[in-house]
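This report refers to the structure that appears directly beneath it.
The values are calculated or read from the model by the stated rules, or taken from the named source; none is laboratory data. Keep in mind it's a predicted model, so treat the numbers as computed, not measured. Please note: Cβ atoms are built from the backbone with ideal geometry, for glycine as well, and neighbour counts cover all protein chains shown.
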Amino acid sequence: MDLFQDDLINWFQQEKRALPWRENQDPYRIWVSEIMLQQTKVDTVIPYFHRFMERFPTIQSLAEAEEQDVLKAWEGLGYYSRARNLQTAVREVSEIYGGKVPDNVEELGKLKGVGPYTKGAILSIAYGIPQPAVDGNVMRVLSRILLITEDIAKPKARKIFEAAVEEMISQRNPSAFNQGLMELGALICTPKKPACLLCPVQSHCTAFKQGLQEELPIKSKGKKQKTMPYLSVVVENEQGEVLIEKRPEEGLLANLWQFPMADATEVSMEQLAYWFGLEYGIAIKLEETLQPVRHIFSHIIWEVIVLRATTKDKVPEQGRFVALSDIDDYPFPVPHQKILQQIRIPE
DNA sequence: AACGCGTGGGT
DNA sequence: TACCCAAGCGT
């Protein structure tokens with residue numbers, strides 16, 4: 001009768017995927033990977049991680065970078081506050097901790113963007129310190145192993161699983177234990193149709209014994225998204241430049257760039273040119289309707305009617321005219337990249 | 001505690 | 001189509 005911990009760790013060391021952030025234990029690399037992996041699949045993260053580490057190889061280089069360049073490296077990855085918080089925290093590590101990532105719960109947990117999960121992941125993986133790192137995988141796996149029926153969508157659930165991990169975690173190899181739980185959740189103990197027949201810890205699994213693996217974990221459902229209609233306009237001047245503006249520094253897609261966009265519940269198509277004059281201080285002439293853009297976020301849906309317009313005016317009160325050849329310097333969210341594609345490849 | 005915050009892939 | 005899901009965090 002082997003121990004759960006040993007079966008899990010042996011399996012992990014045998015079967016773990018070769019991932020770029022597993023090449024060494026550099027706390028900075030571990031940190032960046034953990035932030036990118038929040039709510040994001042491994043396959044999506046890999047190319048971003050390579051580019052990011054090439055562009056910002058050290059704490060120092062990221063601390064000294066322009067936020068605009070950090071967001072550009074994050075462009076398309078989503079949850080952009082992760083990038084901004086990471087840079088804020090890295091600057092703090094640079095200034096307060098001499099560039100060394102803290103190796104204790106107290107200091108690490110104070111850093112922007114480093115919550116209970118990420119804190120435990122960095123401590124255990126980079127420093128070998130036995131701390132729980134409870135993510136969605138861990139809750140799913142342990143809910144089955146231990147038959148825990150707490151609703152994992154509720155905030156209080158995480159604490160219950162953290163308490164369980166504190167009792168179970170391997171003191172000898174907390175890194176392999178925590179990563180093993182997550183790897184198991186990603187490869188075997190999946191949300192749907194878990195591969196129990198291949199599971200290295202099947203003999204320890206209470207849910208499997210009772211045939212309840214498909215019923216766990218218990219997870220309540222969120223509410224569905226609301227649709228938000230917008231009117232967006234691509235304004236071209238006589239130099240062939242287009243008008244773009246920076247989004248507000250808080251909220252959705254903060255500090256990213258976009259084409260001017262009006263809330264369509266407040267501004268109609270007929271009012272658009274007038275509205276534009278008030279907002280941007282220049283006169284435009286609507287030319288044509290482009291392909292509408294629909295974008296589904298996690299919590300809302302954008303329905304964007306897109307128009308093309310021209311102007312003879314040069315200096316807007318808001319935003320700036322940018323040559324198409326320079327537009328790649330600016331981080332755009334996906335819905336506005338869809339608009340950009342249309343003016344790059346007309347027809 | 002509940003909600004805001006992205007995106008791409010799977011069924 | 002309409003969900004669900006993925007190595008969460010800040011407010």
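Numbers for the structure displayed
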item: Restricting the stretch A:149-168 to residues that are touching a residue at least 40 places away in the same chain (Cβ under 8 Å) and either of a type in the set (D, E) or in contact with a helix residue (DSSP H, G or I) (Cβ under 6 Å, 6 or more places away or on another chain) (or both), the residue that is surrounded by the fewest Cβ atoms within 10 Å (Cβ to Cβ); result: A:D151
item: Checking A:E287 against (1) within 27 Å of the chain's Cα centre (by Cα); (2) touching a residue at least 12 places away in the same chain (Cβ under 8 Å), the condition it does not meet; result: (1)
item: Boolean, A:L8 is touching a residue at least 24 places away in the same chain (Cβ under 8 Å), more than 26 Å from A:Y330 (Cα to Cα) and in contact with a Gly (Cβ under 6 Å, 6 or more places away or on another chain); result: yes
item: Any chance A:E67 is among the charged types (D, E, K, R), without any contact (Cβ under 8 Å) to a residue 24 or more places away in the chain and surrounded by fewer than 18 Cβ atoms within 10 Å (Cβ to Cβ); result: no
item: Which listed residue is on the phi < 0 side of the Ramachandran plot and in contact with a Cys (Cβ under 6 Å, 6 or more places away or on another chain), from A:I169, A:I152, A:I145; result: A:I145
item: Near pairs, Cβ below 8 angstrom, 6+ apart or cross-chain, from the stretch A:298-317 (without any contact (Cβ under 8 Å) to a residue 40 or more places away in the chain and more than 20 Å from A:E266 (Cα to Cα)) to any residue that is among the charged types (D, E, K, R) and away from DNA strand C (no atom under 16 Å from the Cβ); result: A:E317/A:E279
item: Of residues in the stretch A:25-48 being under 10 Å from the mean Cα position of the chain (by Cα) and free of Cβ contacts under 8 Å to residues at least 12 places away in the same chain, the one nearest to DNA strand C (Cβ to nearest atom); result: A:L37
item: Set A:T40, A:T88, A:T58: member being of a type outside the set (F, W, Y), out of contact with any Asp or Glu (no Cβ under 9 Å at 6 or more places or on another chain) and either at pLDDT below 95 or away from DNA strand B (no atom under 16 Å from the Cβ) (or both); result: A:T58
item: One residue from A:V114, A:V70 being assigned to a loop (DSSP other than H, G, I, E, B), closer than 22 Å to A:F49 by Cβ and within 16 Å of DNA strand B (Cβ to nearest atom); result: A:V114
item: Selection within the stretch A:147-171 - more than 11 Å from DNA strand B (Cβ to nearest atom) and under 17 Å from A:E215 (Cβ atoms); result: A:L147, A:I148, A:T149, A:E150, A:I152
item: A:M53 being under 22 Å from A:S175 (Cβ atoms) and away from DNA strand B (no atom under 16 Å from the Cβ); result: yes
item: From the options A:S175, A:S203, residue that is assigned to a helix (DSSP H, G or I) and surrounded by 21 or more Cβ atoms within 10 Å (Cβ to Cβ); result: A:S175
item: Those residues of the stretch A:240-254 which are exposed (fewer than 14 other Cβ atoms within 10 Å of the Cβ) and more than 20 Å from A:A83 (Cα to Cα), in sequence order; result: A:G240
item: Strands (runs of 3 or more DSSP E) completely within the stretch A:236-347 that count 1 or more residues being within 16 Å of DNA strand B (Cβ to nearest atom); result: A:242-246, A:261-263, A:293-296, A:300-310
